[in-house]
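Worksheet: one structure, shown below.
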Amino acid sequence: MSEASAAKPAYSSAGSETSRALVSSGSRARPWVQLIFGVVCMAMVANLQYGWTIFVNPIDAHYHWGKVAIQWAFTLFVLFETWLVPFEAYLADRFGPRPLVMVGALLIALCWIIYSRAATLNALYVGAAIGGIGTGLVYGTCIGNAVKWFEKRRGLAAGLTAAGFGAGAALTVVPLTRSLSSSGYQATFFKFALIQGIVVLVAAVALKKPPKGTVARQSNPHLLQTQVDRTPVQTLQSGLFWIMYAAFVLVGASGLMVTAQLAPIATGFKIDKVPVTLLGFTIPALTFALSVNNLMNGIGRPLFGWISDVIGRESTLFVTFLVEGFAVLALARYGSNPVSFVIVAALTFLVWGDIYSIFPALTSDHFGKKYASTNYALLYTAKGCAALFVPLGSKIASMTGSWFTTLVVAALADVVAAFLMIGIVRPLRLREVRRREATALAPAD
């Protein structure tokens, strides 16, 4: 049946599609079971990205390779994490999440074991590539699985799943830093490699894709959601996709730069070990910031995912991108004060992580559910492009003698992305809606 002969518009702003089949009470519970185990898996791979910054200085102190050279490992990690996700997501769409996540568990453990033994930069880079592949297997599969199980609350489901990746490191940053102080970075890498890998391997056993005909297909009455599935090739041919891609790169580059460079930035401000007292706790500024940042990152993802379910994806992204831009600018201006450093960094992470909850939902809204994992995986490769700018941040800082210019550039990237969402993405989406509705309502030949 052609789109023109369909009984309903290709897009609907009302909850027009009801359940296809009655589901048992056990089946109704299954989506939340999937969500919980997906969050556990994400939490256990979070340290590979968000815990990296605390290892940069110890590695450099041990081998004197230079921070720029060491940060190329982070860039390689993100490149392999993101650019292979479309292929991994295709396998997940075909074979289900369990085998993909189990392989990912083995690779993330191997990554940190290699880090613990790496005596050359090349060995460090190999470990980063392996870790990137493993993290991509876990991340892309769990996000895709979440939006398939929860159609009406895609933003919230993707946000809660992504929150595991954002907040998971918050649970272990204090044990990590204590282990670094007492045992050194090599023993810390090895110990946490085993812990994280085993937990992901066990949690992966519970994961499965939704059975056909048992999950209700319901559209969100507050949003425009397509009932027409677009293939990955059709998605790549869409101009809207590439505008979204550009916005993802800009915001991703800004956030990844702060994520990877937070410890060097704190060291540059000479406040990394200065005690900060907030909320009744007194902790060194850097450790305090890392703990609060990961917590805020985890809170922001489901929070703004849920808000986007209510007020719309583009509006939510516009506001959060602007706030992030001003927060990064405030970090450049006031980051030399330890208390300001902790507070402003926390605000930055609160609003940055929503790209990992709202963009999956927006992609599924506009390009359909059937290829949701693969289509979002294509967009997620933008994170790999963004990672290329992380070493550039270090280079600018070394050339200028401070982090101010780097942070200003990152803030400007956020502001540009905000206006892309509200000035270009939203109008294109509305135009597409009108065109498809007109086509669907036209009489068939």
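A few notes on this one:
- Dividing the summed -39500 (n - 2.57) terms of all DSSP H runs of n ≥ 4 by the residue count of the chain sets its mean residue ellipticity at 222 nm at -25500 deg cm²/dmol.
- Calculated translational diffusion coefficient of region 304-351 (20 °C, 1.002 mPa s; Stokes-Einstein with Kirkwood radius over alpha-carbon pairs) equals 190 µm²/s.
- Between VAL68 and VAL205, the C-beta separation translates, for a Förster distance of 56 Å, into a calculated FRET efficiency of about 0.85.
- Take every Cα pair under 8 Å whose residues are at least 6 apart in sequence, average their separation, divide by the length of region 320-376, and the relative contact order is 31 percent.
- Stokes-Einstein diffusion of the chain at 25 °C, 0.890 mPa s viscosity, Kirkwood radius from Cα pairs, rounded to a whole number: 111 µm²/s.
- Here region 245-381 has 74 percent of its accessible surface on carbon and sulfur atoms, given a 1.4 Å probe and all protein chains in place.
- Taken per residue, the accessible surface of the chain reaches 39 Å², heavy atoms only and a 1.4 Å probe.
- Candidate lysines for bridging to LYS67, where Cα separation is under 25 Å - those fewer than 8 sequence places away on the same chain excluded: LYS191, LYS270, LYS273, LYS383, LYS395
- Mean separation of Cα contacts under 8 Å, 6 or more apart, over the residue count of the chain: relative contact order %: 28
- When the alpha carbon gyration tensor of region 264-318 is reduced to an equivalent ellipsoid, its three semi-axes come out at 32, 13, 7 angstrom, largest first.
- In plain terms, the bigger the Kirkwood radius, the slower the diffusion; for region 27-161, with that radius from Cα pairs, at 25 °C and 0.890 mPa s, Stokes-Einstein puts D at 158 µm²/s.
- Cβ crowding within 10 Å averaged over residues, with 179-190, 228-239 ranked highest first: 179-190, 228-239
- Longest site-free stretch - the chain; sites: GluC sites (Glu not before Pro), DSSP loop, at most 16 other Cβ within 10 Å: 18-445
- Each Cα pair under 8 Å and six or more residues apart adds its separation to the average, and for region 94-161 the resulting relative contact order is 33 percent.
- Kyte-Doolittle mean at least -0.5, axial Cα span of 18 Å or more - DSSP H helices of the chain: 25-45, 67-83, 97-117, 121-149, 154-183, 185-204, 239-268, 285-311, 313-334, 338-352, 372-387, 404-420
- Cα Rg over Rh - region 276-412, Kirkwood: 1.02
- Rounded if a/c under 1.5, otherwise prolate or oblate - region 92-207, Cα gyration tensor axes: prolate
- Measuring nothing but alpha carbons in region 245-284 and taking Rh as the Kirkwood radius, the Rg to Rh ratio lands at 1.20.
- For ALA158, net neighbour charge (Lys/Arg +1, Asp/Glu -1) across residues whose Cβ lies under 12 Å away: +1
- Region 26-131, accessible surface, carbon-and-sulfur percent (1.4 angstrom probe): 73
- Excluding same-chain neighbours fewer than eight residues apart, the lysines reachable from LYS152 by a Cα-Cα span under 22 Å are LYS8, LYS208, LYS209, LYS212, LYS369, LYS370.
The values are calculated or read from the model by the stated rules, or taken from the named source; none is laboratory data. Model, not experiment: these values are computed from the prediction. Neighbour counts are summed over all protein chains in view; Cβ atoms, including those assigned to glycine, are modelled from backbone coordinates with ideal geometry. Just so you know, the surface numbers come from the protein's heavy atoms only, side chains and all, with ligands and any DNA or RNA stripped out. Shrake-Rupley method; radii C 1.70, N 1.55, O 1.52, S 1.80 Å.
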